[in-house]
Amino acid sequence: MILMGMEVGSLGTNCYIVGCEETHEVAVIDPGGDAGRILQELKRNNLKLSHIINTHGHVDHIGGNRTLKEESQAELIIHEADATMLTSSGRNLSLLSGRAITGPAADRTVKEGDTIKVGNTVVLDVLHTPGHTPGGMSLKLDTDDKTIIFVGDTLFNGSIGRTDFPGGSYSQLIEAIQQKIMVLPDDTEVYPGHGPGTTVGFERNSNPFLLG
């Protein structure tokens with residue numbers, strides 16, 4: 001399996017490159033900015049971009065979509081409930097920053113239970129984890145020796161995503177974390193949208209929002 005991470009954009013979004021060692025096809029998860037750097041990394045490692053996946057529709061997770069799409073013609077994927085955010089600067093919150101940003105519409109929308117296959121060996125299971133946004137989703141990947149989950153802004157190391165943006169819901173977020181993420185094995189590796197990685201076990205035992 002190919003797995004790389006890089007921090008992109010002015011808000012320090014974690015962008016992940018995950019893919020198939022056999023075909024060198026990869027998905028880029030949450031290209032929030034610095035599309036040129038992402039493309040350079042793909043070229044340097046001789047990787048073919050087949051999928052662009054947004055865990056949700058906020059600007060700091062979709063800002064590089066247009067450039068990556070134009071350069072690769074990769075399939076752009078987002079949860080169906082956040083799809084309109086891709087083309088609306090109001091809904092993706094970029095308008096609030098004074099720099100309206102929109103990108104191409106999704107080629108494919110997904111929902112709970114769908115899968116995204118990358119190359120021959122990587123299958124990402126879609127888990128609907130709303131609360132930060134209505135269409136927030138996490139992507140679970142089972143490998144031969146471990147489980148990995150990319151959670152966007154649903155869960156952080158020692159914290160959770162904000163719920164004070166339009167469409168946010170604290171109760172939905174906590175329910176999604178408890179029912180979709182905390183049911184995974186303790187050694188499941190958690191790759192969040194910002195900040196350092198963590199594990200399900202660590203968050204289960206120490207995250208103040210999940211205790212009690």
Segment residue 112-residue 143, length gained on full extension (0.36 nm per residue, minus Cα span): 9.1 nm
Could you compute the net charge surrounding residue 28? Neighbours are other residues with a C-beta less than 12 Å from the C-beta of residue 28; K and R count +1, D and E count -1. -3
Given 26-36, 64-74, the highest-first ranking by average Cβ count within 10 Å works out to 26-36, 64-74
Full extension between residue 175 and residue 3 adds, at 0.36 nm per residue less the Cα distance, a length in nm of 59.1 nm
Of the stretch 1-37, those with amide N under 11 Å from the point 7 Å along the Cα→Cβ vector of residue 71 are 34-37
Local charge sum around residue 137 (other residues, Cβ-Cβ under 9 Å, Lys/Arg +1, Asp/Glu -1)? -1
What span do the alpha-carbon atoms of the stretch 1-96 cover on each of the three principal axes, reported in whole Å from largest to smallest? 40, 26, 21
Take the Cα pairs of the stretch 2-206, get the Kirkwood Rh, then feed it into Stokes-Einstein at 25 °C and 0.890 mPa s and tell me D in µm²/s. 148 µm²/s
Once phi is turned into θ = phi - 60°, what whole-Hz ³J(HN,Hα) does the Karplus curve with 6.51, -1.76 and 1.60 give for every residue of the stretch 36-53, x standing for Gly and Pro? x, 5, 4, 5, 4, 5, 5, 5, 4, 9, 6, 10, 9, 7, 10, 9, 10, 10
Over all alpha-carbon pairs in the stretch 109-212, figure out the percentage whose distance exceeds 23 Å. 21 percent
So the number of lysine pairs in the chain with alpha-carbon atoms under 25 angstrom apart, 8 or more residues apart or on different chains, is 17
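Any read-out appearing in this document is the output of simple, stated calculations on the displayed coordinates, not a laboratory observation. Quick caveat, the model's predicted, so the values are computed rather than measured. Because the Cβ atoms are built from the backbone with ideal geometry, glycine has one as well, and the counts that use them run over all protein chains shown.
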